[in-house]
């Protein structure tokens, strides 16, 4: 039974745990995780609170939620927020970490930059590119 469960987890991708977030932008950043459980007395909401600009670091444990359809996404996703609003919505689907720059689920959405395969511990680096756009990169720890 355990072998069957482990094999299923390997096919679908394992739990991805964000251990560290580095903010290399000139703005404060906050990462929020929503993981609403149907029928639960309270929903799971986690936040890094504000991560200071110019090299601020958050350390902890934040699992990337799974969302395989629009209904899942409505209740299970992460938001990377900057002072002007949400820059990205992030979720895990199957073997990959995916993102969108709009608050909606997209089947087979773009994979996150860097280490996009699900499972394991990650550092997330939030920066600005030369065009002034927020970029997020996942790095294996």
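Read the figures in this text as sums done on the coordinates, not as results from a lab. Nothing here was measured: the structure is a model prediction, and the numbers come from that model. So basically every Cβ, Gly included, is an ideal-geometry build from the backbone, and we count neighbours across all protein chains shown.
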Exercise. So, in nm, how far is label residue 104 from label residue 26 when the simple model puts each one 7 Å beyond its Cα toward the Cβ?
Worked result: 3.3 nm
Exercise. Given region 40-85 reduced to its alpha-carbon atoms as identical point scatterers, what log10 I(q)/I(0) does the Debye formula return at q = 0.14, 0.24 Å⁻¹?
Worked result: -0.48, -1.06
For this session: Inverting the mean 1/r over all pairs of different Cα atoms, compute the Kirkwood radius of region 67-141 and quote it in Å.
Result: 12.8 Å
For this session: Give me the orientation-averaged projected area of the Cα convex hull of the chain, in nm², one decimal.
Result: 9.2 nm²
Problem set entry | Hull-based mean projected area of region 30-113, where the convex hull spans the alpha carbons, in square nanometres | 6.2 nm²
Problem set entry | C-alpha long axis of helix 2-12 to longest principal axis of the chain, angle in ° | 40 degrees
